[in-house]
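A short write-up of the structure that comes next.
The values are calculated or read from the model by the stated rules, or taken from the named source; none is laboratory data. Source: prediction; values computed, not measured. Positions of Cβ are backbone-derived with ideal geometry, glycine not excepted, and every protein chain shown enters the neighbour counts. Please note that ligands, DNA and RNA were not included when accessible areas were found on the heavy atoms of the full protein model with its side chains. Shrake-Rupley method; radii C 1.70, N 1.55, O 1.52, S 1.80 Å.
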Amino acid sequence: MLRLLLGSALGLGHLAALGPASADATDVEAANAFGCLNVGQKCHGHDSLCCSGRCKGKKPKRGRRDRRTCVAHDAGGCQPGQDFCTGSTIACGTQGTGGCSRTTGNASFCSSRTDSTCQVCTKDADCVARGYGPNAACVVCDNCIATAGTRTRCSSAAA
């Protein structure tokens, strides 16, 4: 009888430990073509899963589903679909010196027009590490294919 109770208690403890974690694990969304999560996708509190490197939302109470999502940064008034790499120059930023771009996480970003270089990147953290500033972003720019053989470029956030 003691063995049965002990075995049941260990089994329930194991299931309780797996319960919420496995529920969150099955709720993780698929990565995009750049290997990271787009803005709006569930990141469950893990900044590193997001292309933007920013996972926000309220931490859930124990046993509750984690609904935190990837968020954008430094949009500077840019709207979805506005992208100066496609030829539409839309000024942004407090001084109007930036241009609206689309990040690898499918977010609007106000890019510096003077501080950007075509290069391989997948996440904003790649560009931060290369010295483009703490709010840098990896943006998609098909114009880079001809000059650098990549679809991406690192850009600082416009002032």
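To the nearest 10 square angstrom, how much accessible area does Val39 have with a 1.4 angstrom probe?
My reading of the accessible area for Val39 is about 60 Å².
Once fully extended, how much extra length lies between Asn143 and Thr114, figured as 0.36 nm per residue of separation less the alpha-carbon to alpha-carbon distance?
Separation in residues times 0.36 nm, less the Cα-Cα distance, equals 8.9 nm.
Note down the accessible area of Thr122, probe 1.4 Å, to the nearest 10 Å².
Thr122 exposes around 50 Å² with every protein chain in place.
Mind putting a number on the dipole of region 49-159 about its Cα centre? Charges go on the C-beta only, +1 for Lys and Arg and -1 for Asp and Glu, and I need it in Debye to the nearest 20.
Once rounded to the nearest 20, the dipole reads 1000 debye.
Using a cut-off of 25 Å between alpha-carbon atoms, which lysines can reach Lys123, once sequence neighbours fewer than 8 places away in the same chain are excluded?
Lys42, Lys56, Lys58, Lys59
Quick one: Debye curve from the alpha-carbon atoms of region 65-159 only, equal weights, vacuum; give me log10 I(q)/I(0) at q = 0.15, 0.24, 0.26 Å⁻¹ to two decimals.
Result of the Debye calculation: -0.49, -1.21, -1.39.
Can you tell me how much longer the chain between Glu29 and Asn135 gets when fully stretched, taken as 0.36 nm per residue apart minus their C-alpha distance, in nm with one decimal? It would help to have the intermediate numbers written out before the result.
On the way: separation 106, 0.36 × 106 = 38.16 nm, distance 2.47 nm.
Working it through step by step, the gained length comes to 35.7 nm.
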